[in-house]
Each structure stands twice: as structure tokens, then as C-alpha cells.
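The values are calculated or read from the model by the stated rules, or taken from the named source; none is laboratory data. The structure presented is a predicted model; accordingly, all values stated were derived computationally and were not measured. Every residue, glycine as well, gets a Cβ built from its backbone with ideal geometry; the counts of neighbours run over all protein chains shown.
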């Protein structure tokens, strides 16, 4: 069983153009400023390119004073570049378990991204050897019924928020995505995985039927395939996940970042207003009978035609020039 650790209640501050500011969940100034890609984060002692020197082991004025405790790593990292926000689940030792604290951090960033007109695409990825191994089983086991009810309600709320975000959400998957981690992949609007990635709803192996992951899984893959995964708990490879529709495609692991960025950049080049209108319409019409689906989407089309970006896009097409979308 994976050794899941109790998460510190830290959250991310805004990251712009590669700067990462960390702070505690309470108010107050940032504790630490880092520059660069969160995936290559290193301590000052290991990275001479950081803008500050490493701290000495003991303060010079008091050599007997013990060294300070190291800063706790944040649960979640955010990096914004070229209208693409990337959230990195940052608990690699626990395979990025979806603890209550992790989901709280995700929910907070989802709301920030929803209100940020500069963001056009969201990518979710995991730090370390895998994407996400699901819930923190120690937290689930040790909680009482009230705590478990709150935990699963929070997870359901978080997953539904992905669907209602105004920007598309892409899962970048490597390593394993199991149980609620597989649910997270199935919930994201799009998903690209390394061809070495593996997927499972494996709760049945420890006596827990993956009932809540089943909701997203059964809406992403055919019923019999979903039920086989749920009843056996078996891992499936990325190529099979692509054939079933759980992910969009599997690519060589060395090409994963390039594939995700290419898809994200293509979507980011489109009208944010049109995407924000079309994404909820897609999910809504899929739940409606055929005639109601057509009636609903016809109304959406009329509303879309009233948007300035639609006028600009049509004019640009007729004039054979690139469109200039509203900011």
C-alpha cells in the first residue's frame, strides 16, 4: 500500500510568466519566490540559477542555534504561460493523492481560473512518477461517516466544477491514474497520455467498489468496458484507454509535453467567448432527447451570433485575414 502522508494546508499564489509565489492557506505575504518550471523546482542549494543564495546551515551570529525547519512544499503548483494555465498536483510521495486538502486547493484554483479572462486552457498534471493514485486511503479509512460523506461530496463537487469551467481542461497523464485519479482523467474535457501510462478503477481490490469514479468512467467509455474495469480492478494500458475513449490519444512518453502543448495552444488560439458558450452546450445537449437537444443548441447558436467575436471571425474569414479575438 502506498505510504500516504498528511498534507500541509498550503496553497499556491498566482504564477505569471514562470514566477511561483508560495504562501500559507491564511493571509500574509508570500513565503518564497521561485522562478521557472514547477516540474524542475529545486532548493537554492541545488540550483545556483535561483535569484537568492542558499541559507547557511547555522546562523553566523549563533552557531549553536539549530537550523530552521525546511519549507513545506505546496500541494498544488500553478504556472501560466501563453493563455495556458497548468496545475501540477504536487504530492509525488503519495502519488498525488486526492486528499481533502488537495481538493480544496484545486477548487480554489478552479474559481480563480474561471474568473481570469487571460486563461483560455487549463492543463492538469501530476508531479513525480505518476498522475494520481486516487483518494488518500488513510484519510478515508480513519475518518468517521460524517468525514467520509464530506470527502466524497467535495470530490463530486470538484469533478463537476471541471465540467462547468468556461475553459477546456486537458489531463496530461503519465505513470498511473487509478480510482479517483482515473475519475479525474475521465472528467477532464480532453486527455493525452504517455504510451506507458496505465489506468484502473481498482477499489475493488481493497474491498471498495469505485462507485463515484464510476459516474465519470461510465460517461467516457462504453458500459461493458466500464463495468469490466470496475469489477476486475485491472490496469489497462494507454493504447486501450485511447481505443475506449477514456483518453484522446497515447503518445511516446518523450513526446507527451509537446503533444499536450500543441493541443492546448491550438485551442487557446480560438475565441474564448465561443468556447465558453460551446463547452456547456456540449454537455447539456448530450443529456437531452434529440428534439430538445436541437432546440437547445439552436438557441445557443443565436446567442453566439450576437457575440462580437462571431462578427469578427466571419469578417476575418471573408477578408482572408487572421481574426483578432476580444481579450
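A few notes on this one:
- Every test in (1) assigned to a helix (DSSP H, G or I); (2) surrounded by fewer than 17 Cβ atoms within 10 Å (Cβ to Cβ); (3) over 19 Å from the mean Cα position of the chain (by Cα) is passed by residue 288 save one, and that test is (1).
- Residues of the stretch 171-188 that turn out to be part of a loop (DSSP other than H, G, I, E, B) and touching a helix residue (DSSP H, G or I) at 6+ places or on another chain (Cβ under 7 Å), as a count: 3
- Yes/no for residue 228 being outside the structural domain of residue 115 (by TED's automatic domain parsing), modelled with pLDDT of 95 or more and farther than 21 Å from residue 196 by Cβ: no
- Meets criteria (assigned by TED's automatic domain parsing to the domain that holds residue 224, within 17 Å of the chain's Cα centre (by Cα) and within 19 Å of residue 245 (Cβ to Cβ)) for residue 102: no
- Residues that are in the same structural domain as residue 233 (by TED's automatic domain parsing) and assigned to a helix (DSSP H, G or I) occur at least once in the stretch 127-138.
- Residues in the stretch 155-171 that are in contact with a strand residue (DSSP E or B) (Cβ under 6 Å, 6 or more places away or on another chain) and either surrounded by fewer than 21 Cβ atoms within 10 Å (Cβ to Cβ) or not assigned by TED's automatic domain parsing to the domain that holds residue 120 (or both): 162 only.
- Residue within the stretch 234-244 that is more than 20 Å from residue 166 (Cα to Cα), touching a strand residue (DSSP E or B) at 6+ places or on another chain (Cβ under 6 Å) and part of a loop (DSSP other than H, G, I, E, B) present: yes
- Filter result for the condition that a residue is more than 20 Å from residue 168 (Cβ to Cβ), assigned to a helix (DSSP H, G or I), free of Cβ contacts under 8 Å to residues at least 60 places away in the same chain and touching a helix residue (DSSP H, G or I) at 6+ places or on another chain (Cβ under 6 Å), over 226, 216, 254: 226
- Residues being within 23 Å of residue 287 (Cβ to Cβ) and assigned to a helix (DSSP H, G or I) - total across the stretch 189-213: 3
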